Structures are given as structure tokens and as C-alpha cells.
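J.: My structure is below; once you've seen it, I'll send some questions.
The values are calculated or read from the model by the stated rules, or taken from the named source; none is laboratory data. As the structure is a computational prediction, the values presented were derived from the model and not from experiment. Note: ideal-geometry Cβ built from the backbone for every residue, glycine included; neighbour counts use all protein chains shown. Heads up: the accessible areas ignore ligands, DNA and RNA and are worked out on the full protein's heavy atoms, side chains in. Shrake-Rupley method; radii C 1.70, N 1.55, O 1.52, S 1.80 Å.
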Amino acid sequence: MLHKAGLTLSDGTTLDDLINRDMNEVSLRVMNDKELYELEMERVFAGTWLLLGHESEIPKAGDYVMRDMAEDNVIVSRARDGEVHVMLNVCPHRGMKVCTAEAGNAAAHRCIYHGWAFRSDGSFIGAPIEKEQMHGNRHSKDELGLKKARVHLYGGLIFATWSKDLSFEDYLGDAKFYLDQLFCRTDNGLEMLGPPQRFVLPCNWKIPGEQSGSDGFHTLTLHRSLMEGGIMGGTAESIYDTAPGMYGVDISVPQGHTLRCLEAAQTFKMFADISFEGKTTEERLNLLTPPGVTKDMIPQLFKNLSEAQVNQLATIPPQVGGMFPNILIAFIFAPRMDGGASGALSLHTYVPKGPDKVEFINFIFAEKDAPEDVKRDMLQNAIWSTGTSGTIEQDDADTWPQIMRNSRGHMSKTMTLKYQALHGHERPEGWVGGGDLYPGFTKDDTQWAWWSAYYDLMAEA
Amino acid sequence: MTVNYATAAIDKTSVMRGLVSIQRVPLGSEVYNRLLETLYDEAAALDERRFDDWVAYLEQDLVYTAPLRLTRNGPNKDRDVVRTMKHFDENYASILMRTGRLSKSAWAEDPPSRTRRFVTNVRIAQCDTAGEYEVVSYLYVERSRFDNPDNESITAERRDVWRRVDGAYKLAVREIIVDQSTLGMSNFAIFL
């Protein structure tokens, strides 16, 4: 095994001491180490692409939202040319926030401290009292704009990076085939149903981060109430016998993105007892339309996706997963209390706010072309299950801080997180998409892939 | 009706807070006293985790929501209540789903938090519909979790409609306007 020697902490601990790649174990110490955190800010969060929002939030020129790339506050704005720009919300003059609102519309951002002003693309307009040239004479105006990040829109999702050379295509890798099925399947794409829910949890970002690497297994125990409520099929008594929702195909790519694909036929059984056998792709899609997609929109799926992609969406669709380093994907089917099959589309980012704090951001979506009543249902479904009050994620939010408290103990932090229930790579017959595949019961493979991606970035000197 | 979901958009409804009706129910009047007593009893039912007692206060056409707050400036500085997105978006059935869950495996409240709900600044007015009262209150919740000596807390304004039914008051509408745009509370596994 290749041992890179790119990271050694001041007490001599190496990355290989913390992440044991022979044993698939990770030291609990990684969750509570200031030095490691500083390195993560540089090597992970300034080195890869980060999700900040969706272009439907800022449809008009001058529209902006304030977001964070780790602890760096940024303005995400649409300029007069229609392009989306992401720039550091730090005045190059004296370091004040140039923008003080979380959202709005402004032709220019004028710093409230000394009045330096910037266009919505970040370029410098000037300082007050132009004739006195209060921006000095050492830098030209071209050099005094807000510091810009590179931006890429994917399915309308706004990604940004401080990396100078990482292309978005290389970041996405083979995950694109699967993620297109979620983000790029309809003519007008996704729409965010309002600003994100935000709340802060007292834990390190990697505690929710490693879970976002498609930890399916915790669902059976931590989210037992789903089974008790009959939402996943089966009953509370039979949880560990029938293991509902645990069988499918898990996927990872070396970039650390992961997905869990669950058989549509199994999902459909939660709603009705009709067999999928012998049904065409179109018939299957009509029986179980992807969450948020209406029957009218099914032709759009064939138009926007390849035949192989639509076929997967109709047979064994990706439903939950994550994108490295800190994005959780929940594009889930959910029965509604008033009957019928419906779903919830939400994405989270887990934004680091210090070694022992993380901000949980919950972005909730619907398909833009869906009728208003469907959007209303989608919003309600997402609020009921995810985020602040979601009955699924309440339990996660209560668990993670307790792991954090354990990571402080002198002995406790020498304990390791174990990822040793591994299936290994196996390509199911007839499978079209790329990546590393793990069919059957959901195991630790994808979460280990998340840690491998973390290792690779942290080992880069 | 088409809703403008854009985060950056100005929402005309986003300014609404406080008491709307001008038919004021004075402090110390019989109606005021009974409603205040009901708010105190309701808070006690929630603090003592008597969820069946709490549900008995709820009308079947209940609308129970908690919109987002958003920091804004300039001409929009007071339009900071965003009703397109919510922390709670509940009806009677979904509240029953939530209280039902709390009686089984809801680890977020098992072991349970110890909570203390302080209800103050109660202002009451009569609605246009006879027997319905608009009740605005301030809510301050302290929440103690496990053996953690640091409590989590939340402050909010609640805009309620209480309805007189068979000699008692029942909750028909509650809008919880929290003060934080980024919540400092780990979850809303508790009711507000």
C-alpha cells in the first residue's frame, strides 16, 4: 500500500496513525483536533467544490444570497450579465463584511464602514470622494475587487471552489451518470422552495460527514420510528428480520461521492401490491414516478436522460447518498398521511464552524414544472422528515453531539470507528453506470470510500 | 396562485407580525384571564410531557407553522419573516404522527429533555368570527438535555387563534415566529 507522508501533526501522529487503511479503522481523535481542523480548512474545504445553493434562489440580476464556504463568508450573486458569481464577503479595505443581509437584491454592495463599493460581479467601483483616491495608489481598481471563487452550475445547483485547477468534471467523476438522474432529469429542473433551514450542532463536521457517505445501516436502529410508523414497510417487531430498505446497490467513486440505489419494485410495495414483473420502463415510471415528478413530466425524463439512465430510474433509482465532503442527498419516496405516493427532495450541507461546531443547512426542492399543490406537498414532506423538526433527522441531530462529547476523553479518543463490514466490489449483471458497486445488503464500503477520499485530500502536501 | 420561492425576492406578506385585530380584549377581563390560564395549562402539559392532554387542546382543522427568519437590510429590513419556508408545517394529523412517535422510539426525546416554557406579553383581540380570539404571546423555552450543564434555548412570538368550544378554549391556528435565522437549538423534537 502506498503510504504518503504528507501529514504529520505536531505530536508526531501521522495521517496513517489516524486512518488505518489496512484495518479500515479511524481514530475517534479525528473528530476533535484543532490542528487537523486547520489542515482540513486548507486541504479539503479550500481544495474541492462546495455546494452553496441553487440558481432559482437568485433569478434576477442583482439578486444575492449570503452563504459560507466552511468559515469563509461569501456572497452568491447574479450579475447584470446573468452569470452567477461567488465572492468573499470581506472588504479588501479593512476586512468588514461588504454585505450584511442574508438575501436581497442590490445593483452594488457598498461597505457600511468606509463606503468602498463593488458591483454584483465583485468588481471594484470605487471609494467615496473619488478625487481624493481613497483606495490609494498601490493597487489599480482592477486589483481591488472582492476575491472571487470559481463557480460551476450543475442542474442549477451552485458549486464554488477556491481550487485553481480542479475541474468540476473531475470532481464529479463517474457519479455524474447517477446524479444526473436526480438533478438534471426535467426540462426546467429543480426549484428551491425558499431559503434553507439552518441550525447549529455542537459536533465536528465529519460526524455527519461520514454518515453522508451512504450509511444505510443506522436507519434500522436510529430511525426505528420509521418502521414503527409503517413508513418503510414491515413492523417494528420484524425490523431486524426483514431489514426493509437495506437491500439494493450501493455505489462509490474515488472522489468520495456515494449513492444508495433501492429497487423501485421494493419501494413500490410500500404503497401498493402490484408486481413490476414484465413492465416496460414507461409503465414502471407511471406506477412509481420519481419523487416530485408528475406523470405529465415522464416524457421529459426520456428527453433529458439517456436510455440507460431512465431505465435505472425506473428500476433501481438512486435515493439517498452524499457528495464529498459535506453534502447529503435525500431524494426519497414518502407516503403521505392523506394517502398517495409522494416524496421529498432535500440536500444538506454540513458546514464546519470550528472543530466542535457544524451548521446543518437544509435545502428543500421541488421540480420547477410541478403544479403548486405538488410543491406544497413536497415542502411539507421534507419538513416532516428532514431538517429542523424532521422526525428522521431529529434523531441524528441528537446522536452526533454525543459522539462529539466522547471524542474529548483521554482514553475515549484512542478508540476507533470501525468500517470492517465490507462487501467488496461486485458488478451486477447488466449494470451500465460506472463507479465501485456493492450489491446486496448495505454495508460499510461506501463510508470507507468517503474516508479514502478524505485521506487522499489530506495527504496532499 | 403562483408562489415566488426565490430567496432573494421580496415577499409582501413577510412583514406581518403581532396583533392584527383592533377589537382588543382587555387585560384582566374574564376572557383574557381564561385564555391566559389556558396558555399556562398548555405550557405545563408540554413541559410535563402529557401529550394526550396537549392534543386535547387542538382543533381538528389546526394549522401549526413556524416560518423562517431571514436577516435583511435596507428597504426590506422588516420583511424578515419568510413564509415560503418553515421549521414546522403541521396539521392535526401530522401532530398526532409526531406525538405518536414520541411515545415509541424517538431517540431525540428518549431520554427526554427537561423543558421550561415561559409564556409572557400576552395580548388578545377578538376575531371577526364569533368565539375566536387572536392571542399573541412571547415564548421563551429552556431545554436541558442529558447531563449537559448548558441548556439550549429558543425565543419566539406565537400568533395563535383560540376558539371557544363547549366552554373551553381550543387552538385552531398557531404561527411560531422564532427570532433566530440560524437556530441554536439542535432540533425541534419539542413543540413550541
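J.: With bins 5 Å wide starting at 0, give me the P(r) of the stretch B:86-138 over every alpha carbon pair, in whole percents.
T.: 4, 14, 11, 15, 23, 15, 10, 6, 2
J.: Accessible area per residue for the stretch A:52-133 in Å², computed with a 1.4 Å probe and the full protein assembly in place, what is it?
T.: Numbers: 3540 Å² over 82 residues.
Roughly 43 Å² per residue, with all protein chains present.
J.: Of the accessible area of the stretch A:373-460, with the probe set at 1.4 angstrom, what percent is carbon plus sulfur? The partial results should precede the final answer.
T.: Values: 1860 of 3550 Å².
On the stretch A:373-460, the fraction of accessible area on carbon and sulfur atoms equals 53 percent.
J.: Quick one: Karplus J couplings for the stretch A:302-319, per residue in order, coefficients 6.51, -1.76, 1.60, θ = phi - 60°, nearest Hz, x for Gly and Pro?
T.: Coupling constants for the stretch A:302-319: 5, 6, 8, 10, 6, 4, 5, 5, 5, 4, 5, 4, 8, 10, 9, x, x, 10 Hz.
J.: When the Karplus curve 6.51 cos²θ - 1.76 cosθ + 1.60 is applied with θ = phi - 60°, which whole-Hz ³J(HN,Hα) does each residue of the stretch B:63-74 get, with x for Gly and Pro?
T.: 10, 10, 9, 9, x, 7, 9, 9, 6, 10, 9, x
J.: What are the residues of the stretch B:96-117 that lose 20 Å² or more of accessible area, with a 1.4 Å probe, going from their chain alone to all protein chains?
T.: Residues losing area: B:Met97, B:Arg98, B:Arg101, B:Lys104, B:Ser105, B:Trp107, B:Ala108.
J.: I'd like the accessible area for A:Ile332: 1.4 Å probe, protein heavy atoms, all chains in place, Å² to the nearest 10.
T.: Per-residue accessible area (A:Ile332): approximately 30 Å².
J.: Between B:Asn73 and B:Ala56, what is the label-point separation in nm under the 7 Å Cα-to-beta-carbon projection?
T.: 5.2 nm
J.: Let me ask you something else. How would you classify the stretch A:346-461 from its alpha-carbon gyration tensor, with a ≥ b ≥ c the square roots of the eigenvalues: rounded for a/c under 1.5, else prolate if a/b is greater than b/c, otherwise oblate?
T.: On the way: a/c = 2.06, a/b = 1.18, b/c = 1.74.
Oblate is the answer for the stretch A:346-461, as a/c is 1.5 or above yet b/c matches or exceeds a/b.
J.: Taking all protein chains together and a probe of 1.4 Å, list A:Met96, A:Met41 from the most accessible to the least accessible.
T.: Details: A:Met96 60, A:Met41 35 Å².
From most exposed to least exposed: A:Met96, A:Met41.
J.: Between A:Arg94 and B:Thr155, what is the FRET efficiency for a Förster distance of 35 Å, r being their Cβ-Cβ separation, to the nearest 0.05?
T.: Details: r = 33 Å, r/R0 = 0.94.
Taking R0 as 35 Å, the efficiency between A:Arg94 and B:Thr155 is 0.60.
J.: Which residue, A:His423, A:Ser407, A:Asn362, has the largest displacement toward the positive end of the dipole of the stretch A:357-447 when charges sit on each Cβ (Lys, Arg +1; Asp, Glu -1)?
T.: Highest projection toward the positive end goes to A:Ser407.
J.: Obtain the radius of gyration and the Kirkwood radius of chain B from its C-alpha atoms and give Rg over Rh. Numbers along the way, then the final one.
T.: On the way: Rg = 17.2 Å, Rh = 17.8 Å.
Rg/Rh for chain B comes to 0.97.
J.: Using a 1.4 angstrom probe and counting only protein chains, how large is the accessible area of A:Phe217 in Å², to 10?
T.: 120 Å²
J.: Right, another one. Search the structure for amide H atoms under 5 Å from the amide H of A:Ile125, placed 1.01 Å from N in the peptide plane, and list their residues when 5 or more places away or on another chain.
T.: Distant-sequence amide H within range of A:Ile125: A:Ala117, A:Phe118, A:Arg119.
J.: For the stretch B:114-149 and the stretch A:287-360, what is the separation of their C-alpha centers, rounded to whole Å?
T.: 37 Å
J.: When only the heavy atoms of the protein chains count and the probe is 1.4 Å, how do B:Ser14, A:Ser342 rank by accessible area, highest first?
T.: From most accessible down to least: A:Ser342, B:Ser14.
J.: OK, next. Apply 1/(1 + (r/R0)^6) to the Cβ-Cβ distance of A:Glu429 and B:Phe146, taking R0 = 51 Å, and write down the FRET efficiency to the nearest 0.05.
T.: 0.55
J.: Taking just the C-alpha trace of the stretch A:287-332, give me its Rg and Dmax in Å.
T.: 12.0, 36
J.: Let me ask something else. For the stretch B:43-103 and the stretch A:77-139, what is the centre-to-centre distance using only Cα atoms, to the nearest Å?
T.: After rounding, the separation between the Cα centres reads 39 Å.
J.: May I ask you to give the solvent-accessible area per residue for the stretch B:86-192, in square angstrom, as obtained with a 1.4 angstrom probe?
T.: Details: 4110 Å² over 107 residues.
I get 38 Å² per residue for the stretch B:86-192.
J.: What ranking of A:Tyr247, B:Tyr133 comes out by heavy-atom accessible area, probe 1.4 Å, highest first? It would help to have the intermediate numbers written out before the result.
T.: Numbers: A:Tyr247 135, B:Tyr133 25 Å².
Descending order: A:Tyr247, B:Tyr133.
J.: Further question on the same structure: By the gyration tensor of its Cα atoms, with a ≥ b ≥ c the square roots of the eigenvalues, what is the shape of the protein assembly as shown: rounded for a/c under 1.5, prolate for a/b over b/c, or oblate? Walk me through the numbers before you get to the answer.
T.: On the way: a/c = 1.44, a/b = 1.13, b/c = 1.28.
It is rounded, given that a/c, with a ≥ b ≥ c, falls under 1.5.
J.: About its Cα centre, how strong a charge dipole does the stretch A:140-278 have in debye, to the nearest 20, once Lys and Arg get +1 and Asp and Glu get -1 at the Cβ? Please report the intermediate quantities before stating the final value.
T.: Details: 12 positive and 18 negative charges, 143 e Å.
With Lys and Arg at +1 and Asp and Glu at -1, about 680 debye.
J.: Going by average Cβ neighbours within 10 Å, how do the peptides B:124-131, A:118-125 rank, with the highest at the top?
T.: Values: B:124-131: 13.8, A:118-125: 19.9.
The peptides rank, most packed first, as A:118-125, B:124-131.
J.: What list of ³J(HN,Hα) values in whole Hz, one per residue of the stretch A:401-409 in order, does the Karplus curve 6.51 cos²θ - 1.76 cosθ + 1.60 (θ = phi - 60°) give from phi, with Gly and Pro shown as x?
T.: x, 6, 5, 4, 4, 5, 6, 8, x
J.: Using only helices, what value at 222 nm comes out for the protein assembly as shown when you add -39,500 (n - 2.57) per DSSP H run of length 4 or more and divide by the total residues, to the nearest 500 deg cm²/dmol? Display every interim value, and only then the final one.
T.: Values: 18 runs with 151 residues, N = 653.
After summing the helix terms and dividing by the residues of the protein assembly as shown, the value is -6500 deg cm²/dmol.
J.: Quickly work out the A:Ser238-to-B:Ala168 label distance, labels modelled 7 Å from Cα along the C-beta direction, and quote it in nm with one decimal.
T.: Once both label points are built, they end up 3.9 nm from each other.
J.: Sorted by packing (mean other beta-carbon atoms within 10 Å per residue), highest first, where do A:25-37, A:445-457 land?
T.: Working: A:25-37: 19.5, A:445-457: 22.6.
Output ranking for A:25-37, A:445-457: A:445-457, A:25-37.
J.: Now for a separate question. Give me the distance in nm between label points sitting 7 Å out from Cα along the Cα-to-Cβ direction at A:Ala308 and A:Lys357, one decimal.
T.: 4.6 nm
J.: Still on this structure: Work out the charge dipole of chain A with +1 on the Cβ of Lys and Arg and -1 on the Cβ of Asp and Glu about the Cα centre, then indicate which of A:Thr186, A:Ser140, A:Leu288 is farthest towards its positive end.
T.: Result: A:Ser140, furthest along the dipole toward the positive end.
J.: Note down the magnitude of the dipole of the protein assembly as shown about its Cα centre, charges +1 on Lys and Arg C-beta and -1 on Asp and Glu C-beta and zero elsewhere, to the nearest 20 debye.
T.: Working: 70 positive and 92 negative charges, 371 e Å.
Once rounded to the nearest 20, the dipole reads 1780 debye.
J.: While we're here: Provide the FRET efficiency to the nearest 0.05 for the A:Glu277-A:His218 pair, computing r from the beta carbons and using R0 = 41 Å. Intermediate values should be presented prior to the final figure.
T.: Values: r = 32 Å, r/R0 = 0.78.
Approximately 0.80, to the nearest 0.05.
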